[in-house]
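Okay, structure first, notes after.
The values are calculated or read from the model by the stated rules, or taken from the named source; none is laboratory data. Note that the structure is a prediction, hence the values are computed from the model and not measured. FYI the Cβ positions are ideal-geometry reconstructions off the backbone, even for glycines, and counts take in every protein chain you see. We work out accessible area using only protein heavy atoms, side chains counted, and drop any ligands, DNA or RNA first. Shrake-Rupley method; radii C 1.70, N 1.55, O 1.52, S 1.80 Å.
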Amino acid sequence: MKDVVRFGICADVQYASMKSDVVKEKRCENVGSGEEQEIPRGGSVERRLAYRAALERLLQAVEVWNKQHVAFVVQLGDLIDGYENDPELSRADLEAVSRAFQGLAVKHVLGNHCRAVRMEDIRKLLSTDRYYYSFQPVLGWRIIVLNGAEQLISAADATESENAELAEVLERQGIIDYAPWNGHLSDIQVDFFRVELDSASRRKERVLVCCHYPIHEDAARKSHLLINHAVVLKLVRQYNTTVVALFAGHDHVGGYTVDHGVHHVTFPAMLEASEGSDGQEQNVEHSPNAFGIVELRANGDRILIQGYGDVPTRVLVAGGAEG
């Protein structure tokens, strides 16, 4: 096993072949308090959703990742935007965008928009039947991937009985106000997460958690958190000497905070990369984009994020410091 591993990272490509490249709208809601965030709390922002251009941006990122010889890519969910009540058209978009990775090994994280495609088609197109799992990218590190879209009432193939069961679970938890685009982890997946954290702790491994949904309200808007984020956050806090960071997407403007020594990083969406995202040396052709390269060193205590476009470059040190 190598002493250093470098892998690509991106969130919310959200490609769509049949939608306008640019849509403008206003929103007015609290956003995450990450230092890269320039939108005031309670303020509004003009959004530019480049549905077709998102595929070109992904191809541009793939070119960089290949030149940098990354070991694999973690995509944090929502590869497509999807079409309500049209899983076949959604499937065609997912097929097109999955081809863009051009032979790169990809660690997929499911997002809510991904589930506009039926699970049987997702399995075929993404060549995987594991949606929460862990792996060791380099000695001393474990990456745990969670499936925040496991239970999702807006999924294309969610049945009435499944949605009714989820509603009962949420009612027992006292959760009555939640957005249909937010997902929920089953008890089985929560137990999986607990076992993985305990195993990593006993083996003295550092952990990076990846989930489409943020779990901390200071790293994203409250309306975009995992439904049972409190359960997951409690576990992360319990194992805060093991978990170094949690990477998420979903809230397109991005965000960042540190809680109990753990870094919570919400990556900005490739879909909404800003025209002015050319302030970093690593930018390609000074065009709008949002992706990165993550570096982990064997038995190290920090995560380096080399940012491109809207993604800030960061050094995340175990215990909550930024290097």
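Looking across the range 118-136, the residues that are within 18 Å of the chain's Cα centre (by Cα), open to solvent by less than 20 Å² (accessible area, probe 1.4 Å) and either more than 23 Å from residue 197 (Cβ to Cβ) or in contact (Cβ under 8 Å) with a residue 60 or more places away in the chain (or both) come down to 122, 126. Pairs are defined by a Cβ separation below 8 Å, a sequence spacing of at least 6 or placement on different chains, a first member in the range 142-170 that is under 16 Å from residue 77 (Cα atoms) and open to solvent by less than 40 Å² (accessible area, probe 1.4 Å), and a second member that is in a helix (DSSP H, G or I) and aromatic (Phe, Trp, Tyr); the pairs so defined are 144/193; 146/193. Of the set (1) at pLDDT 95 or above; (2) in a loop (DSSP other than H, G, I, E, B); (3) closer than 22 Å to residue 183 by Cβ, all apply to residue 129 but (1). For the range 93-112, which residues satisfy the criterion of being open to solvent by 50 Å² or more (accessible area, probe 1.4 Å) and on the phi < 0 side of the Ramachandran plot? The answer is 95, 99, 105, 107.
State which residue is most open to solvent (accessible area, probe 1.4 Å) when the search covers only the range 307-323 and only residues that are on the phi < 0 side of the Ramachandran plot and part of a strand (DSSP E or B). Of everything passing the filter in the range 307-323, 322 is most open to solvent (accessible area, probe 1.4 Å).
Tell me, please, whether a residue that is touching a Lys or Arg at 6+ places or on another chain (Cβ under 9 Å) and of a type outside the set (A, V, I, L, M, F, W, C) can be found in the range 99-107. No, the conditions are met nowhere in the range 99-107.
Contact map, the range 83-102: residues that are within 14 Å of residue 13 (Cβ to Cβ) and of a type in the set (A, V, I, L, M, F, W, C) paired with residues that are open to solvent by less than 60 Å² (accessible area, probe 1.4 Å) and assigned to a loop (DSSP other than H, G, I, E, B), Cβ distance under 8 Å, separation 6+ or inter-chain. Pairs shown: 94/79; 94/117; 96/17; 97/13; 97/79.
Selection of the range 46-64 for residues being farther than 13 Å from residue 287 by Cα and outside any helix (DSSP H, G or I) yields 46, 47, 48, 49, 51, 52. Among the residues of the range 65-76, none qualifies, meaning not one is at pLDDT below 85 and either within 27 Å of residue 133 (Cα to Cα) or charged (D, E, K, R) (or both). Restricting the range 162-209 to residues that are among the β-branched types (Val, Ile, Thr) and part of a strand (DSSP E or B) leaves a set whose member that is farthest from the chain's Cα centre (by Cα) is 207.
The set of residues in the range 124-146 being of a type in the set (Val, Ile, Thr) and within 24 Å of residue 4 (Cα to Cα) consists of 138, 143, 144, 145. Selection within the range 184-208: residues that are within 22 Å of residue 263 (Cβ to Cβ) and touching a Phe, Trp or Tyr at 6+ places or on another chain (Cβ under 7 Å). The member of this set that is surrounded by the fewest Cβ atoms within 10 Å (Cβ to Cβ) is 201.
Only residues that are in contact with a Gly (Cβ under 9 Å, 6 or more places away or on another chain), under 23 Å from residue 170 (Cβ atoms), open to solvent by less than 60 Å² (accessible area, probe 1.4 Å) and not hydrophobic (A, V, I, L, M, F, W, C) were counted across the range 209-223, and they come to 5.
Does the range 88-95 include one or more residues that are under 18 Å from residue 112 (Cβ atoms) and basic (Lys, Arg)?
The answer is yes, given that some residue of the range 88-95 is under 18 Å from residue 112 (Cβ atoms) and basic (Lys, Arg).
Kindly provide the set of residues from the range 80-126 that are assigned to a helix (DSSP H, G or I) and of a type in the set (Asp, Glu), ordered by number.
Correct list: 88, 93, 95, 120, 121.
Checking the range 270-293 against the condition returns no match, with no residue being open to solvent by 30 Å² or more (accessible area, probe 1.4 Å), part of a loop (DSSP other than H, G, I, E, B) and modelled with pLDDT of 95 or more. Taken across the range 141-161, residues that are within 20 Å of residue 245 (Cβ to Cβ), among the hydroxyl-bearing types (Ser, Thr, Tyr) and more than 20 Å from the chain's Cα centre (by Cα) do not occur at all. For the range 247-265, the set of residues classified as in contact with a helix residue (DSSP H, G or I) (Cβ under 8 Å, 6 or more places away or on another chain) and in a strand (DSSP E or B) consists of 259, 262, listed by residue number.
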